[in-house]
Amino acid sequence: MRPPVRGLDLDPQTRCAHWHSDLDVIAIKMACCGTYYACHDCHAALAGHPPRVWAVEEFDEPAVLCGACGTELSVSAYLACGSRCPHCGAGFNPGCHKHRRLYFAAG
Ligand SMILES: [Zn+2]
Ligand SMILES: [Zn+2]
Ligand SMILES: [Zn+2]
């Protein structure tokens, strides 16, 4: 069962109003509320509370959803996956790694 994902203009593969290239298929569970959002900006628009990033000790929590196949990855698995879903092989936007500080503590 795929967890629900929130976002603005969400498509079935979790693209949103902010990130909508072919590769923008991941959603991130926000540590503050345990809810998947398409991106940080969607959380800011919809959640009504400030974000919290995942602490290093929490990196084995499932926190990244592949919108292509619905597999959940832990933070560690996502950071190690080389911008490709280990389950279905879908390519992820490598640019997301530049924004990792918005979601994950410095590891
Ligand atoms: Zn939140
Ligand atoms: Zn968004
Ligand atoms: Zn996948």
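Throughout, read-outs are computed from the coordinates displayed, never taken from laboratory work. Given the structure is predicted, the values throughout are model-derived calculations rather than measurements. FYI the Cβ positions are ideal-geometry reconstructions off the backbone, even for glycines, and counts take in every protein chain you see.
Data table
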| item | result |
| --- | --- |
| Qualifying residue in segment 27-34 (condition: touching a residue at least 40 places away in the same chain (Cβ under 8 Å), closer than 13 Å to GLU72 by Cα, in a loop (DSSP other than H, G, I, E, B) and more than 9 Å from ligand 2 (Cβ to nearest atom)) | no |
| Condition check for LEU73: within 22 Å of MET1 (Cα to Cα), buried (at least 18 other Cβ atoms within 10 Å of the Cβ) and within 16 Å of ligand 1 (Cβ to nearest atom) | no |
| Members of segment 41-67 found to be assigned to a loop (DSSP other than H, G, I, E, B) and either farther than 16 Å from ARG6 by Cα or not small (Gly, Ala, Ser) (or both), listed by number | HIS49, PRO50, PRO51, ARG52, VAL53, ALA55, PHE59, ASP60, GLU61 |
| Matching residues, segment 12-44, being in contact with a Lys or Arg (Cβ under 9 Å, 6 or more places away or on another chain), under 14 Å from ALA90 (Cα atoms) and of a type in the set (S, T, N, Q) | SER21 |
| Qualifying residue in segment 37-50 (condition: in contact with a strand residue (DSSP E or B) (Cβ under 7 Å, 6 or more places away or on another chain), more than 9 Å from ligand 2 (Cβ to nearest atom) and closer than 20 Å to LEU79 by Cβ) | no |
| Single unsatisfied condition, CYS16 versus (1) under 11 Å from the mean Cα position of the chain (by Cα); (2) touching a residue at least 24 places away in the same chain (Cβ under 8 Å); (3) crowded, with 20+ Cβ neighbours inside 10 Å | (1) |
| Contacts under 8 angstrom Cβ, first residue in segment 47-74 being in contact (Cβ under 8 Å) with a residue 12 or more places away in the chain and within 12 Å of TYR103 (Cα to Cα), partner of a type in the set (Asp, Glu) and more than 13 Å from ligand 3 (Cβ to nearest atom), 6 or more apart | TRP54/GLU61 |
